[in-house]
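The values are calculated or read from the model by the stated rules, or taken from the named source; none is laboratory data. Only a predicted model underlies this, so the values are computations on that prediction, with no experimental measurement involved. Note: ideal-geometry Cβ built from the backbone for every residue, glycine included; neighbour counts use all protein chains shown.
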Amino acid sequence: MDEKECSSLINKLYHSGIARPAIEREVANTFPMHCFDNWRPFSIDDYNRALSQVSMKKSRLYFHTPFCESRCRFCIYDVTVRANIKTQEDYIKSVKNQFNHSQNNIQSINSIYFGGGTPSYLEDNLFEEYLSLPLSIPREEGYSFNVEAKPGTLTDSKIEIMKRLGVNRISLGIQTLDDKLLKKLNRGHNSKDSIETINRILQDDLYFNTDLIYGFPNQSVEDSLKDLRKLIDFGVPEFTLYYLRINLKTGLRHFNIHVGNQIFCFSQLKKILVNSGYVQTRPIHFVKKDFVENSNRYGSAPTSDQGQYSQEKEKNILGGRVFAFGAPGAVSHIRDYLWESTPVKEYKNLVNLKKVPGYRQYKISEDDKDTRFFIDFIQSMKSQNIEKTYRSKRGRNLPEKFKRKINRLLDLSLFKKRDEEISLTEKGFLVHDMIERFFL
Ligand SMILES: C[S@@+](CC[C@H](N)C(=O)[O-])C[C@H]1O[C@@H](n2cnc3c(N)ncnc32)[C@H](O)[C@@H]1O
Ligand code: SF4
């Protein structure tokens, strides 16, 4: 599809209620984490009950790091800029306390994810102390250990620390290699920093992913393709391609997104990746063929993947065991609840008093699980007999309202059907986030 066809597709979908809003409140695939309307104040009784009902094996741990060296103009997260050493030390001490209070609850670990913000912003000794925290708990065979990092903060010594501690995936925020744009975005690093960091990680034989964003103001499709070609030539093993999202927190909130243009750009980026031997393992993830098996176990940040409970193929799909540490807004998923942590100031006080730093909670409903079922189907990239899978996972027949939605997507050629199996079409994958929204 060319750019014009992409724009007319978007117009057509818009009239069917399938759309990407100009200003986003939430990202569909993190559902229901970002549906804050129905969150309730934190209840310690509910929390303790949930904790007592869940298996403590194969837990997934998330450590939130709210610090960054600069505030990027596009960023949708709540971060503290240029925190000094004392602030960093105080924060790590609190996380350590929170972790020590709850570590008896965790028997073994399936995955560890240090996200942010920018964990690599921390001073070396704190970085090492912080990353070592979960290593006191037994880990399952093939466990994943991810750390988010940003060029300019990821020094040789930090790479050495990660290697020594067994980090097996770095998620590197490149975004773009265009120096003028990087400056306008207030990224605090340039393309030379990015390339040096990539070369250094490659030299050390550490596995890594790079995040790219496309659709920035004044960034042409050709600009994005140029960045991607360069990074492929450097030998980047995995890419995550984000379209520029706008919400009310971002410095770019007045920028008018052109969705048709974003869709066209994504189709061109995908073409290059597929032609260069990358496999689309999830709608926005592309992995070099040789690394696909290896990358399957890494998944995404547990906080942005609340679908974990339905992936476990358990009849009872209430068993979330994501433990999040830190603040603000770190979200645990225990049993059938999501639990969000308090703002940083309260967090420190509560943790010092040995209290759970809970701010609000969300009970996952049966409707939420239905929505999650469809998001997981879209993210899985696989074809499925939806009626059959729904029956086996949800224990009842597929409701009529979903049959109607599926038929609408078939009519629009976003879904296709073969021998009762349904999958997304090429066109469907280009607008997969809008299809996810259609099931919200
Ligand atoms: C929590 S950030 C961590 C990475 C690190 N702090 C950095 O910026 O390099 C994770 C990723 O979210 C993505 N992101 C942040 N704001 C975004 C936006 N407005 N639209 C799309 N992606 C965004 C970026 O690609 C970023 O690398
Ligand atoms: S994009 Fe990354 S580095 Fe920039 S402000 Fe957001 S979290 Fe920090």
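The criterion of at least 1 residues that are surrounded by fewer than 20 Cβ atoms within 10 Å (Cβ to Cβ), within 15 Å of ligand 2 (Cβ to nearest atom) and in contact (Cβ under 8 Å) with a residue 40 or more places away in the chain is met, among strands (runs of 3 or more DSSP E) falling completely within segment 162-267, by 208-214, 238-243.
Take the residues of segment 382-414 that are surrounded by 14 or more Cβ atoms within 10 Å (Cβ to Cβ) and touching a Ser or Thr at 6+ places or on another chain (Cβ under 7 Å): which is nearest to residue 40 (Cα to Cα)? So, considering only residues that are surrounded by 14 or more Cβ atoms within 10 Å (Cβ to Cβ) and touching a Ser or Thr at 6+ places or on another chain (Cβ under 7 Å), the one nearest to residue 40 (Cα to Cα) is 393. If you go through segment 1-35 and pick out every residue that is more than 14 Å from residue 259 (Cβ to Cβ) and either of a type in the set (Asp, Glu) or without any contact (Cβ under 8 Å) to a residue 24 or more places away in the chain (or both), you end up with 3. Checked against (1) under 30 Å from residue 126 (Cβ atoms); (2) not assigned by TED's automatic domain parsing to the domain that holds residue 182, residue 29 passes all but condition (1).
Of the residues making up segment 41-100, those that are of a type in the set (Phe, Trp, Tyr) and either more than 14 Å from ligand 2 (Cβ to nearest atom) or part of a strand (DSSP E or B) (or both) are 42, 47, 62, 63, 67, 91, 99. Here's a check for you: in segment 126-160, which residue that is of a type in the set (A, V, I, L, M, F, W, C) and touching a Ser or Thr at 6+ places or on another chain (Cβ under 9 Å) is farthest from ligand 2 (Cβ to nearest atom)? Looking at residues that are of a type in the set (A, V, I, L, M, F, W, C) and touching a Ser or Thr at 6+ places or on another chain (Cβ under 9 Å), I get 137. Among the numbered conditions (1) closer than 26 Å to residue 93 by Cβ; (2) surrounded by 16 or more Cβ atoms within 10 Å (Cβ to Cβ); (3) more than 14 Å from ligand 1 (Cβ to nearest atom), the only one that residue 149 does not meet is (3). Check 252, 172, 248 and return the single one that is modelled with pLDDT under 95 and in contact with a Pro (Cβ under 9 Å, 6 or more places away or on another chain). Answer to the selection: 252. Of the strands (runs of 3 or more DSSP E) lying entirely inside segment 316-368, those containing at least 1 residues that are over 15 Å from residue 41 (Cα atoms) are 320-325, 331-335.
Do we find a residue being touching a residue at least 60 places away in the same chain (Cβ under 8 Å), assigned to a loop (DSSP other than H, G, I, E, B) and not assigned by TED's automatic domain parsing to the domain that holds residue 292 anywhere in segment 393-403?
Yes - at least one qualifying residue is present in segment 393-403.
For the criterion of being free of Cβ contacts under 8 Å to residues at least 60 places away in the same chain, among the aromatic types (Phe, Trp, Tyr) and over 24 Å from residue 354 (Cβ atoms), residue 67 passes.
Quick test for you: out of 130, 143, 77, pick the one residue that is within 16 Å of ligand 1 (Cβ to nearest atom) and farther than 28 Å from residue 25 by Cβ.
On the way: 143 fails: within 16 Å of ligand 1 (Cβ to nearest atom); 77 fails: farther than 28 Å from residue 25 by Cβ.
Result of the check over 130, 143, 77: 130.
Name the single residue that is nearest to ligand 1 (Cβ to nearest atom) among those in segment 93-111 being touching a Pro at 6+ places or on another chain (Cβ under 8 Å) and farther than 17 Å from residue 66 by Cα. Of everything passing the filter in segment 93-111, 111 is nearest to ligand 1 (Cβ to nearest atom). Note on segment 101-124: residues that are closer than 30 Å to residue 56 by Cα, assigned to a helix (DSSP H, G or I) and either outside the structural domain of residue 156 (by TED's automatic domain parsing) or more than 11 Å from ligand 2 (Cβ to nearest atom) (or both) amount to 5. For residue 138, only one of the following conditions fails: (1) out of contact with any Leu (no Cβ under 6 Å at 6 or more places or on another chain); (2) closer than 19 Å to residue 67 by Cα. What is its number? Residue 138 satisfies all of (1) out of contact with any Leu (no Cβ under 6 Å at 6 or more places or on another chain); (2) closer than 19 Å to residue 67 by Cα except (2). Among the criteria (1) surrounded by fewer than 22 Cβ atoms within 10 Å (Cβ to Cβ); (2) within 10 Å of ligand 1 (Cβ to nearest atom); (3) within 23 Å of residue 338 (Cβ to Cβ), the one residue 115 does not fulfil is (1).
Just checking, how many residues over segment 409-440 are hydroxyl-bearing (Ser, Thr, Tyr) and either assigned by TED's automatic domain parsing to the domain that holds residue 283 or out of contact with any strand residue (DSSP E or B) (no Cβ under 9 Å at 6 or more places or on another chain) (or both)? The total comes to 1.
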